[in-house]
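First comes the structure, then the notes that go with it.
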Amino acid sequence: MCCRDLLLQKSAAALQAPGSPVWQEVVDATVLLAGVIGGLGGAQCRTVAAHAVHNGLTHLLQSHGTLHGEKVAFGILVQLRLEELIQGSGLAASSRQQLLKFYSEIGLPQSLADLGLMDVTLTDLQRAAEVACLSGFRLHHLPFEVVPSQLMAAMVSTDAPTERSYAGRDFDPDLAAIAPTA
């Protein structure tokens, strides 16, 4: 069984039995997977948008009660949503849906509301997105450019249903939606 499958299939059981053999198996797989991705792939293979989202959200006072890992987990959904919206990636859409189910099973946040940010203002969210998009942040290791309005759109739609087809569609950051190409 590959690390990804092990994590998806056994994490819920592991969380119910800390210190058990299944818990140790999940911990080992987590460390191994993170180490391989970070060691072999470097900065370009990491969840670069996920950590940028974390960094941006830390500038919101309302997020200070949220754990680092919860913000990064949410940021992974944001990164997949960006790939979906900007690149039209069906694989990212499928992965996001799979992670939403997994997150639900193990209690990770799937939306801004799950992070306790249901009352965040657009101004605050804009500020968080601008911080995440600052020059020099890892977000710029993505293979496409991301501007704050696109990041905001992805942040507010992490739990949105997946589009059936992205063919012939472009991302409109002003509408924060996918619109047919004219």
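For region 1-27, filtered to residues that are of a type in the set (Val, Ile, Thr) and farther than 19 Å from Lys101 by Cα, the residue that is nearest to the chain's Cα centre (by Cα) is Val27. The residues in region 84-113 that are assigned to a helix (DSSP H, G or I) and in contact (Cβ under 8 Å) with a residue 60 or more places away in the chain can be counted, and the count is 12. Might you let me know whether region 78-100 holds any residue that is surrounded by fewer than 23 Cβ atoms within 10 Å (Cβ to Cβ), closer than 16 Å to Asp159 by Cα and β-branched (Val, Ile, Thr)? Taking every residue of region 78-100 in turn, none turns out to be surrounded by fewer than 23 Cβ atoms within 10 Å (Cβ to Cβ), closer than 16 Å to Asp159 by Cα and β-branched (Val, Ile, Thr). Of the helices (runs of 4 or more DSSP H) lying entirely inside region 1-64, those containing at least 1 residues that are in the same structural domain as Gln150 (by TED's automatic domain parsing) and modelled with pLDDT of 95 or more are 48-57. I'd like the residue in region 114-124 that is within 16 Å of Thr66 (Cα to Cα) and touching a residue at least 40 places away in the same chain (Cβ under 8 Å) and, out of all such residues, is surrounded by the fewest Cβ atoms within 10 Å (Cβ to Cβ). Per the criteria, the residue is Asp119.
The values are calculated or read from the model by the stated rules, or taken from the named source; none is laboratory data. As the structure is a computational prediction, the values presented were derived from the model and not from experiment. Cβ: placed from backbone, ideal geometry, glycine included. Neighbour counts: every protein chain shown.
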